[in-house]
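The values are calculated or read from the model by the stated rules, or taken from the named source; none is laboratory data. Treat the numbers as computed from the prediction; the structure is a model and nothing was measured. Note that each Cβ is placed from the backbone with ideal geometry, even for glycine, and that neighbours are counted across all protein chains shown.
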Amino acid sequence: EIPRVTGVQTCALPICKMLSAVIAPLSWNAAALPASASARAGSRAAVDMREMLIAGNWKMNTLLPEAVSLAKEVAEAAKNSPCDVAVCAPLPYLTAVKDALKGSKVGLGAQDCYADADAGAFTGATSTAMLESVGCDYVLSGHSERRAIFGDSDEMVNAKTLKILKQGIKCILCIGELKEERESGETFNVLNTQLTKGLKGVDDKMMKEIVIAYEPVWAIGTGLTATPEVAQETHAYVRSWFTENYSDAIADNVIIQYGGSVNAENVDELMACPDIDGALVGGASLKGESFSAICNFKKK
Ligand code: PGA
């Protein structure tokens, strides 16, 4: 039984008015939540307790030569980047991309895995042991496309998350609400459910290897980015969830990426939000130039 999110029934932020045509106001009061240390300090830069991570999610895109040259561009771009960088490449290219990233600080990620075995008669599946053996540092779990197209339930997402961690790989757990869910005021209940079920069995120590990617489904691949205000208030909710369900220290340290139509134009403003600790980037990660600009966002 997942407890419903309770709280004051009005949104305190003026941005809700501006967005109401597209995205309905959230039925909560940001001021009612325990503010994170960085939000209390008024800016992200003021409290540098956690790293930031920009990760590209190439999805089912690129052919081998393109993947390798893109990886080389990312390796170059990461040299001056103010944060950690990773690319989640398609499975057939992981080894080649790993080679192309050699000597750089760019981490390698996979986009999915099989949770129930390390090897055996599971045609088409890829185990976390295999991913570790080719040098993956990260694996995504619960991406909305896995949930919507491939039917990954919260229970499957949880099993994958636990398996990835058990393998000693960092897990980027993706959560996010549908447009209808935001419009009907269900955003925080949806996120609460996804976090509660997705992180079942993940203890304080394991939390060090978890990255959260908050990706509103209505913003993925649509060009409709959440405004920094809407993204920040949702990230503040997610961080407060960790305060309530884990501890202040874990809430202060967990990396919460934003995802959904992040591009070179909107990245600086999004990354300036106190509770946004990086980005998971789809479309704009497929071009060296735009992803380089995103990795080298200007700190405000
Ligand atoms: P997008 O995808 O940047 O193309 O919206 C983000 C994601 O799905 O991770």
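Observations
- Members of region 62-120 found to be touching a Cys at 6+ places or on another chain (Cβ under 6 Å), closer than 19 Å to residue 132 by Cβ and not in a strand (DSSP E or B), listed by number: 111
- Residue match in region 196-205 (condition: more than 15 Å from the ligand (Cβ to nearest atom), over 23 Å from residue 108 (Cα atoms) and small (Gly, Ala, Ser)): yes
- All positions within region 177-212 that are of a type in the set (Asp, Glu) and under 15 Å from the mean Cα position of the chain (by Cα): 177, 209
- The numbered conditions (1) within 16 Å of the ligand (Cβ to nearest atom); (2) of a type in the set (Asp, Glu); (3) closer than 14 Å to residue 199 by Cα are all true for residue 152 except (3).
- Of the helices (runs of 4 or more DSSP H) lying entirely inside region 127-183, those containing at least 1 residues that are at pLDDT 95 or above, closer than 23 Å to residue 92 by Cβ and of a type in the set (Val, Ile, Thr) are 128-133, 144-149, 154-166.
- Residue 229, sole failed condition from (1) surrounded by 23 or more Cβ atoms within 10 Å (Cβ to Cβ); (2) at pLDDT below 95; (3) away from the ligand (no atom under 14 Å from the Cβ): (1)
- So residue 249, is it surrounded by fewer than 17 Cβ atoms within 10 Å (Cβ to Cβ), part of a helix (DSSP H, G or I), away from the ligand (no atom under 16 Å from the Cβ) and among the aliphatic types (A, V, I, L, M): yes
- The set of residues from region 265-300 being within 12 Å of the ligand (Cβ to nearest atom) and in a loop (DSSP other than H, G, I, E, B) comprises 266, 282, 286, 287.
- Selection status of residue 169, within 13 Å of the chain's Cα centre (by Cα) and under 16 Å from residue 142 (Cβ atoms): no
- Looking only at region 57-80, and only at residues there that are in contact with a strand residue (DSSP E or B) (Cβ under 7 Å, 6 or more places away or on another chain) and either of a type in the set (A, V, I, L, M, F, W, C) or farther than 16 Å from residue 286 by Cα (or both), the one that is nearest to the ligand (Cβ to nearest atom): 58
- Meets criteria (without any contact (Cβ under 8 Å) to a residue 40 or more places away in the chain and within 18 Å of residue 145 (Cβ to Cβ)) for residue 217: no
- Unique residue being touching a Leu at 6+ places or on another chain (Cβ under 9 Å) and either farther than 28 Å from residue 272 by Cα or of a type outside the set (Lys, Arg) (or both) when the list is 108, 165, 178: 108
- Positions within region 129-161 being touching a Cys at 6+ places or on another chain (Cβ under 9 Å) and aromatic (Phe, Trp, Tyr), in sequence order: 138
- On the stretch given as region 252-264, residues that are within 14 Å of the chain's Cα centre (by Cα) and not in a loop (DSSP other than H, G, I, E, B) total 5.
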